[in-house]
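Below is one structure; the comments refer to it alone.
All of the numbers you see were taken from the coordinates with simple rules; none came from a lab. Note that the structure is predicted; figures quoted are calculated from it, not measured. Note that each Cβ is placed from the backbone with ideal geometry, even for glycine, and that neighbours are counted across all protein chains shown.
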Amino acid sequence: MTLSDLTQRTSEWLRGVGPMHDVVISSRVRLARNLAGMPFLRKCTPPQQQEITDRLREVILSANLAEGVFYVDVAAAGTLDRALLAERHLISRQHADAKHPRGVVISGDETVSIMINEEDHVRMQVLRSGMQMHDAFEKINRIDDQLEQRVDFAFSDRYGYLTACPTNVGTGLRVSVMLHLPALRLTGELDKAVHAARDMRLAIRGLYGEGTDAKGDFFQISNQITLGRAEEDIVEEFLTQIVPEILNYERKAREALLKHNRVEIDDKIFRALALLRSARRLASEEMMALLSLLRLGINLQRIDGIDLKTVNELFLLGQPAHVQKIHALRGGQEGPAATLPADERDEIRAEFLRRRLTEP
Amino acid sequence: MMKKKCDKCDKPATIHLTEIIDGQKIEKHLCEDCAEAEGITIKANIPISQLLEDFVLQTVGEEEVSTAAVTCDVCGMTFSEFREHGQLGCPNDYEAFHEQLLPMLARAQDGNTQHVGKAPRRAGVAQQKQIAILRLRSRLKQAISAEQYERAADLRDQIKRIETAEPERASE
Ligand SMILES: [Zn+2]
Ligand SMILES: [Zn+2]
């Protein structure tokens, strides 16, 4: 498995299936852990950081956690490869941009990734397509058990699993869902979702772009409380209280659009499709907005012949690092020259989308 | 207690932002007017990354200078250093800064200050031992930087001995 292979396929979690897939793109669960008897990253010397990386790589790779696991030495990887991993949500932006010794173990289907030396020594995550939080949690819990048979994690009876930042202490558990909320934006009701999340002490943020000004109408909602609640309760509360409510708002808004603004919404959807099929230059922000409408059109059954999987895939493959990587693999230059000017990137992106959406 | 002034004018800064740009930490301290002029609005919902920053900053005004100097004797982290970067230096900091962290934790964790979730299945290395190892490691670090190689080798042996002793390990 190489990073170039990754660009040839979609991540498993973007398949566009799973419960509630009309609104819930994916579910994610992550655990933060640190090795016992080691300082947190900030107070580690570079040799200690290397020691942690080597030790954890060996432990994780030998634990047989998933099919086809492979290791990427993130510190040694090029800028483009690191950006690619971040776009696929296999590492965080911070992890991509850091300078110290670090790495990531990834499962063959990309649903499991374990970052070594992110903010904590270990940041493991499981991603699932659609709403599959229980499944994701069970998987990560098993992985944690397996690792705990091989290493000791810093733990105190009072504070639970000890993390570099106290906002993660206790369970070290962060559960989140990626939601597609185009109708709430179109009907001007996004505040509903934001307030519902805030009342539950959950964080909501745009997935691309800052704050609630989300590009492409994607939002990530996650828990903030990690201490004083059992893992199962955190997952359950998240699943039963918040997500159905927001889901319901979005579905109602979609129904309302169809009922009262059918022509207007059709116009938006088909213009988006036409642009995607004919544009000669597409910036990633514009692409996100257009694909969001296209995705809505498919979910409202206004468009057929294009499936959700294709659209989810295009969201990913149209991201900047992916565009460059695909271009490089098609015979463009590799290496430093792969950093294309934005104009050229927008051209390649437009051509790529055009082909994918017009081919039979 | 000195109040920070706004970066742009002389009014007291009420909005404190930390941005990471190209891996560089940039701090901004602005008054509300200048923040608004910069297009920064105070958002109702706070991303997790900001949460700590916020509760750390909230407490600054309430604190005495002596608090900032509280130091973890294992890793050398001071409380003011933690406040500045938002990250602790070692597991022992939760003990060393116990008094200062408790109110912050309560605020960030909905009043919770006691873990009730999963615990490691096997006993693992007992807490006191974890701290003992940490302490030895920090001495080892100092020994290496002072080029005291004999002492370093000795410390390595001690660490190994404690790590491999593990009599309280549950047989699973
Ligand atoms: Zn000002
Ligand atoms: Zn410490």
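Details
- Candidates A:H121, A:H327, A:H260: whichever shows maximal mean-square fluctuation once chain A is modelled as a Gaussian network with Cα springs under 10 Å: A:H260
- Against chain A, whose longest principal axis is taken from its Cα atoms, helix A:190-199 shows a tilt of about 20°.
- Counts of other chain beta carbons within 10 angstrom of each beta carbon in peptide A:228-234 average 4.
- Shape of segment A:3-256, Cα gyration tensor, a/c cut at 1.5: prolate
- Couplings for segment A:23-36, taken from phi via the Karplus curve 6.51 cos²θ - 1.76 cosθ + 1.60 with θ = phi - 60°, read 10, 8, 6, 7, 10, 9, 10, 9, 10, 9, 9, 9, 5, 5 Hz in order; Gly and Pro are left as x.
- Rounded to the nearest 20, the size of the Cβ-charge dipole of segment A:224-340 about its Cα centre is 800 debye, with Lys and Arg at +1 and Asp and Glu at -1.
- With 24 Å as the limit, the listed pairs A:K268/A:K309; A:K43/B:K4; A:K139/B:K118; A:K192/A:K259; A:K139/A:K252 have A:K43/B:K4; A:K139/A:K252 beyond it between alpha carbons.
- Legend: mean number of C-beta atoms from other chains within 10 angstrom of residue C-beta atoms, peptide A:27-36, equals 2.
- Note on chain A: GNM, Cα springs under 10 Å; of A:A136, A:A203, A:A193, the largest mean-square fluctuation is that of A:A203.
- Here the peptides A:294-306, A:151-163, B:141-153 are ranked by packing, the mean other Cβ count within 10 Å, and the order with the highest first is A:151-163, A:294-306, B:141-153.
- Estimated translational diffusion coefficient (Stokes-Einstein, Kirkwood radius over Cα pairs, 4 °C, 1.567 mPa s) of segment B:123-164: 124 µm² per second.
- Loop-resident sites, segment A:91-155, for trypsin sites (Lys or Arg not before Pro), counting at most 16 other Cβ within 10 Å (DSSP): A:K99, A:R150
- The long axis of helix A:320-329 is offset from the longest Cα principal axis of chain A by roughly 90 degrees.
- Remark: B:C75, A:C165, B:C9 ranked as B:C9, A:C165, B:C75, counting other beta-carbon atoms within 10 Å and listing the fewest first.
- Note on segment A:262-358: semi-axes of the ellipsoid equivalent to its C-alpha gyration tensor, largest first and rounded to whole Å, are 27, 12, 10.
- Counting Cβ atoms of other protein chains within 10 Å of each residue's Cβ and taking the mean over peptide A:149-156 gives 6.
- Sorted peptide list for A:106-117, A:274-285, criterion being average Cβ within 10 angstrom, highest first: A:106-117, A:274-285
- Cα extents of segment A:176-287 along the three principal axes, largest first (Å): 53, 33, 20
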